[in-house]
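Note sheet for the following structure.
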Amino acid sequence: QVHLVESGGGLVQAGGSLRLSCAASGRTLSNYAMGWFRQAPGKEREFVAAINRSGLSADYSDSVKGRFTISRDKAQNTLYLQMNKLKPEDTAVYCCAAYNSGTYDSNIFRSWGQGTQVTVSS
């Protein structure tokens, strides 16, 4: 079982940056594609970004494309989300997830983290 723990959330002004981390324990993340998702109050969870097992392929939602960057460090067994040019509408709880395969073209997940709060003030 992969245990995921997010960190790096907080309060930031619009236009600012944050870097989220997702640390894994229990098993290596290197075999799995990884993703970031977010859920704002009163809204459904939405996809933010995903990266494949090798780290050579990534995908982003249209709302964050060009502002957010997903990356992974296999040696550290950690996933990252660099968030730049943050907007108030980015406010949400951000969770990382491990897909059940090396690619992100499915909606089957092995593990989810508990989430970290990101609040962007205007």
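The values are calculated or read from the model by the stated rules, or taken from the named source; none is laboratory data. Keep in mind the model is a prediction, meaning the values are calculated, not measured. Glycine gets a Cβ as well: all are built from the backbone with ideal geometry, and neighbour counts include every protein chain shown. SASA here: full protein model, heavy atoms, side chains in, ligands and nucleic acids out. Shrake-Rupley method; radii C 1.70, N 1.55, O 1.52, S 1.80 Å.
Of the numbered conditions (1) crowded, with 18+ Cβ neighbours inside 10 Å; (2) charged (D, E, K, R); (3) under 23 Å from V2 (Cβ atoms), D90 fails exactly one; give the number of that condition. Status for D90: all satisfied but (3). The set of residues in the range 61-81 being open to solvent by 50 Å² or more (accessible area, probe 1.4 Å) and either of a type in the set (G, A, S) or under 14 Å from M34 (Cβ atoms) (or both) consists of S63, G66, T69, D73, K74, A75, Q76.
Take the conditions assigned to a loop (DSSP other than H, G, I, E, B) and on the phi > 0 side of the Ramachandran plot and apply them to G16. Does it pass? Judged against the criteria, G16 is not a match.
Beta carbons closer than 7 Å, at least 6 apart along the sequence or on distinct chains, pair a first residue in the range 45-73 that is at positive phi with a second that is in a strand (DSSP E or B) and basic (K, R) for G55/R72.
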